[in-house]
Every structure is written in C-alpha cells, then in structure tokens.
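Below is one structure, written out as structure tokens, with a few remarks after it.
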Amino acid sequence: MNAIVGATIKNPKKSTDDKESSTDELQQTSIKEISEHSPTYWLFITREDGSLEIYSMPDVRLVYQVDDFASAPQTLIDSSTSSNTSSTTTSSSNQIHDVYEIYVGGFAMKQSKPLIFVRFKDEICVYETFQFTETEIDNHLKLRFTKLNNTLLNNEPANIELEVLKYKKYFRPFKDICGYNGVFVCGALPHWFFITDRGEVRMHEMSIDGYVPIFSSFNNINCPKGFLYFNDKEELRIAILPTHITYDSPWPVRKVATKCTVHFIRYHLINKCYVVITSVPEEYRRVVKVGDEKDYEYLERDERYLWPQTERFSIQLFSPVSWQIIAGTKIDLDEWEHVTCLQNVMLHTEGTETGYKGFVALGTNYCYGEDVTNKGRILILDIVEVVPEPGQPLTKNKIKIVYSKEQKGPVTALCQVKGYLLSSIGQKIYIWQLKEDQLCGVAFIDTQIYIHSAVSIKNLILVADYYKSISLLRYQEETKTLALVSKDIRSFEVYGCEFMVDNNLLCFIVSDADKNIILYHYQPEVRESNGGTRLIQRADFHIGARINHFFRIKCKKSKQLTDEQNRDSSTKQLTMYATLDGSLGYILPISEKVYRRLLMVQNLMNNQVPNLAGLNPKAFRLFKTSSRVLVNPCKNVLDGDLLSKFTNLSIKQKNELARKIGTTTLQIRKDLFEIDCITGHF
C-alpha cells in the first residue's frame, strides 16, 4: 500500500497568566505526522468440505470463515457470527461442488476494490467486498462479499479430463494492457474482465481464436502494453488491444466525431463503405409562397432578430478503415429537403451476370410549411470505383446519381421486391422497375393513412401504418399485380415492424406506441382469421420502451455447441431491436420443449426469487394499452432479463428450482448456454 504523509497546523491556546508575554511572541505551530501504513497479507483457503477460510499473515490467525462457499451463495457471510453454524454446514453439505480455482486481487484506484474470482466446473463467479460492521466476533474482518451479475457459464470440451480441469490455472491477472487492469479467463470461452479506475467490472468475450489454454501480459518496444497467448492450434500469438476502442462499457465502443447529426447509416457490401445521411442546422431567411411553381419571398428583419433554423441534409461516404469521410463524396441536398428513408436494394439490371445490381435508394420530403403541398424525391445512387487521387487511396469510391425525380407526394418508405423497387408515396404504394436509368411503374395499391415502414421477403411485403396497424401484401410477378392478403383490424400507432423467421415458419413483429411488442401470424385455416383476411395475434410482451427499428441477423454458429444444435440454429434468425431510450435487445424463436421448461423456471423465479425493489416482473410484462380493446393478452414470450438471473443464483437455489419442475440444473444451464452462444454476435 502507498504511504500518505500529511500535516495539520493548529493555533495554541493562550493561558490567562501569560497574556502579555504571548502578545510579543509569534504563533507557535505544531505539526503532526500521520504514521505510515504498512501492507497486510492474507491467505485464502478452500477446503474439501466446501468452506472458505481467510487467515491473516504471518501469524496465521483465522479472521473469516464461510461454510457454504462451494454452493456459490449470493452473499458470503462469516459463518462464525451465526449461532447455527452446525446446521448451516449440514444443510449445505448436500450441495457441495468442487472449487477448482480461486483468485483474490485488489483492483480499481490504489487497489481499493478486492475481488474474488471463483471457478467451479460449470461456471465462474465474481465477488466484490463491502463493509459490514455488525460482526459479533472481535479480530474478524468487518466485511462481506456479494456476487456480481457477471456470472460466466463455463462449458469445457469433452476431450479434456476432469483432473486436468481441477488443477489447471485459468485466472491470469494482468496490469496495464492498453491501460487496463483485470483478469483474463482462459479456457474454451476466454473472457476479459476489465476493472477500471471507477471500480466497474466489464466482461468481454474473446472468440477470435477459440480455446485459449495460456495467457500472459507482454510489454516490448515492438509490442507496447500487449499480451501473449496460445490458441487451440498451439500457435503463439503476440497481440495488442486497439487503443481507439473503449472497453469501459457493456460492449466495446468506438466513437467517431462527425460534427453533424447522423440520421441513417447503410453499409454497401460490394464497395465496403458506409453511406451516411447527415444534417447540420442552417438559418433560412426566405419562405415559399403558395402557388404551382416555387416562388420565394425574402424576409427582412433587424439585426437583433433570431432567425429560425432548419436542417440541411447531405449524403456522405465513410471509410471503415480510417472512419473518416471519403474526400469528394459529399452531396448536399436541396433546401427544405429532408431524408425520410434509406435502403440497400438489389434491382434488375442488364449487363450483369446475375441480372441484379446493388444500389442505394433514398427517399426525401420537401418540408416547405403547412400552406404548401408536400412533395418528395426518389434518388437511386450507385457507388462506383474510380482512379484514386495521388496519396489518397480511399478516394477510389464515388457516388453516382443514377435516378433522381420529384414525386407527387412525400416518399416515406422504400424496399425491394424480387428485383423491383417498392415505394410508399402518400397513401399509395408503387412498384417500379429500373430501365435505362428510369423508373417505370409496374403496379400500385391504395393503403390506409400513412405508411412509414415497409419490409419484404421474396414476394411478401409487410407495411406499417401510423394509425392503422400493419398489412400484408403480395406481389405476383406473372400478372404484375400487388394485392392485399391480410391485415390487422385494430387501430393503433405502429412504430416499427419486421419478420421473424423460424425455419419454415414466418411471423410478423410489431411495436406500438404503448411500448409493447406484438407477434402476428397468418393462418387462413383458423376461424378467427375470417378466411385469412385478418392476422391472428399469437404473442405480446411489454418492453417498457418505444421501439423504432428492427433488423434481422442469422443465428451465430458456435464451437461450443454440437453439430445438431448448430444445424437447428442455422434455420433461425435473430430479430434485433433498437429503442428510443438507447437500449438494444433481441427476440429469438425457440422450440416448444425449451419454451415449456424455461416458462416453468420463470414462473418459479417470479414467486420465489427476490426482485429488484420488490417489483413484480410478471405484472410489468403484461400487455398494456391506453385504450380498451376486445383482445385478451396472449403472452407466450419469455422474459430473458429475468431468466438471465438464474445463473446468478446459488447452487442450492438452482437445484431447488430444477427439482420443483422435474428437471436438472444442468439441463436448464444447457438451454441458457445455447441461447447465449447463438445470440453472441456483439
């Protein structure tokens, strides 16, 4: 520990007898030196009966004892302070699990935060200390340990012997790797535990090389603040952490300064660059007059007048290599023109081998005011490669405007349908075909009030209306007709919509203004669907935040899963969502067997596990609406946040919950581990 030396200055008290003599003397000061603190040493021991003992060194005196340490309780309590120590030991003896490894270290500022890392056969737990002064025994440590929510499920390969796992060292502490301190966990699921100066514990997975048996920090002139490790192919890797990425967050984050407001981002897969729509505030000193043609009236005000501002939009290309704007690619849009949608589309094009070519479609709206009819534009952009400028290799990409034409109304949604472009203009939906850099109309259909979102799979189109829920459309290429298949008869405000793919099953996800998620299904054989003209509500779930965007990702393949599990997950798609309060989440379809098992676990955890602030998660997740509707809640959605707390329970609590539903803790852990593996994209 570091020594601290300080000084205090005090004024001496004056006695009544020598007042006259003290007036001629200077004030005397007394300096008190703070004694230097010497470091203390402690010994942590885990015994075969599942207890933890802490001894002070070098006198080897017992200062702390936890009898049920091997059951991984939520809080480690000094068993010597309780009167029923023998009964606690007896009850926990049936739940003894081997403690394979333990590591204790001081972290954060001046090592003021001791942490305990414990490795069992199936999981890794982290405990942090907090003061507890109400201890009953003198000369014992006045503290307790609480389990953090960073419990890591550990699934080692089957070809590794059990005895090897017991005596293998997995916890590798490190200091000053790219400025971070913490512990690296080796094994089949290598993880970083970063402990920052603020005391937060951040857990990040390192899945680039699979199994990592050995790890060590390494500092060299050619590899400053780096590290060494062996991978599963017995290759030695010398690496460093990227300095431009911040790991003091739940996800690794890199911030790119744009000095403007970003509205839309799309990644162009062919040219490997980002198309970004940005805007900057701009004063406008003229207004548009009412009339058939654009006529402007300039305003004259004194110099003290505060001019109103509007957004001036522009199109830019960003490089994923340097994360800078590619020079010479910025295109400014017109005044009062706002971008409403941006999509990557594959359109029919002659002259290519496949008959398709990737473009970037852009929809805009001219916001002149309430007195002028709104109109918009459709722009089709092509990212082309040119000869780069000398010394600037990133300037090889340029934006070419293939099509740009004003429409009769605002363009609110765009998507692709079997090589055609679908656009929503006002309350009409059009399908266009690109021929010789011109859009030719193919089909159209009238809709409800205002379509703001449209997604498609093959020839099926799902559109969302602001006030009239969702509608399912179908485009028949042979007859060139666009027809309504089914729709939701209820009227509510839709914020976003997307498909959910589970093998050969297709559902529709909708988020509304009441912070709910609703799942619909098209089932024409059901009586309530009225011959297929109505969508059937199959599930609902209250998120607690407004979701404005969905996107689908294929489930991830993991080396920790079997080939059969990877084949089952390859036919599923993960539906991610982003909320207006800045959170991210996902919705994953699971099998009926897993759903039933986890549903019973969730019901038991609702009743038996203490919840945060005594709040009931079951009541919170019920479907909520601001107006009365004649629809019963369907539920059928599991609460992933609640189920994730199962891993943080003690082994005794896990076994008790598993026994009540007629299964084992290992089976529940396998289900949660599989879900965690196939969704671990970030």
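Readers should treat all values here as calculations from the given coordinates under stated rules, not as data from a laboratory. Predicted, not measured: the structure shown is a model, and the values here were computed from it. Methodologically, a virtual Cβ is constructed for each residue, glycine included, from the backbone with ideal geometry; neighbour enumeration extends over all protein chains shown.
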Practice task
Tell me the label-point distance for the pair THR571, ARG286, using the 7 Å Cα-to-Cβ offset, in nm and rounded to one decimal.
Solution key: 6.2 nm
Fill in the blank from the handout: Per-residue ellipticity at 222 nm attributable to helices in the chain (runs of n ≥ 4 DSSP H, -39500 (n - 2.57) apiece, nearest 500 deg cm²/dmol) works out to -3000 deg cm²/dmol
Practice task
For THR373 paired with TYR467, estimate the spin-label separation in nm (one decimal), with each label point 7 Å from Cα along the Cα-to-Cβ line.
Solution key: 2.1 nm
Problem - Ranked by how many other beta carbons lie within 10 Å on average, peptides 339-345, 396-402 from highest - result: 339-345, 396-402
Exercise for the section: With r as the distance between the Cβ atoms of GLU48 and TYR274 and R0 = 60 Å, compute the FRET efficiency 1/(1 + (r/R0)^6) and round to 0.05. Expected result: 0.55
Practice task
Calculate the spin-label point distance for THR40 paired with GLU436, positioning each point 7 Å from the Cα along the beta-carbon direction, and give it in nanometres.
Solution key: 8.9 nm
Handout entry: Cα convex hull of the stretch 546-596 - mean projected area over all directions, nm²
Key = 4.6 nm²
Practice task
Distance between Cα centroids, the stretch 300-349 to the stretch 553-567: provide it in whole Å.
Solution key: 41 Å
Completion exercise
Whole-number value, in Å³ per residue, for the convex hull of the alpha carbons of the stretch 261-550 is 195 Å³
Handout entry: Ranked by how many other beta carbons lie within 10 Å on average, peptides 363-372, 349-358, 450-459, 414-423 from highest
Key = 414-423, 450-459, 363-372, 349-358
Handout entry: R0 of 22 Å, Cβ-Cβ distance GLU350-ARG552: FRET efficiency to nearest 0.05
Key = 0.15
Completion exercise
Quotient of Cα radius of gyration and Kirkwood radius for the chain, i.e. Rg/Rh, equals 1.06
Fill in the blank from the handout: the chain: relative contact order from alpha carbon pairs under 8 Å, six or more residues apart, as a whole percent, is 6 percent
Exercise for the section: Report the full-extension gain for the segment ASN459 to VAL256: residue separation times 0.36 nm, less the Cα-Cα distance, to one decimal in nm. Expected result: 69.3 nm
Exercise for the section: Using a 10 Å cut-off on Cβ atoms, rank the peptides 183-195, 602-614 from the highest mean neighbour count down. Expected result: 183-195, 602-614
Handout entry: For the stretch 564-682, alpha-carbon Rg and Dmax in angstrom
Key = 15.8, 46
Exercise for the section: Work out the FRET efficiency for VAL485 and THR75 from their Cβ-Cβ distance, taking R0 = 60 Å, and round it to the nearest 0.05. Expected result: 0.60
Problem - Of LYS428/LYS480; LYS147/LYS660; LYS147/LYS559; LYS113/LYS168; LYS147/LYS556; LYS175/LYS225, pairs whose Cα-Cα distance is over 18 Å - result: LYS147/LYS660; LYS147/LYS559; LYS113/LYS168; LYS147/LYS556
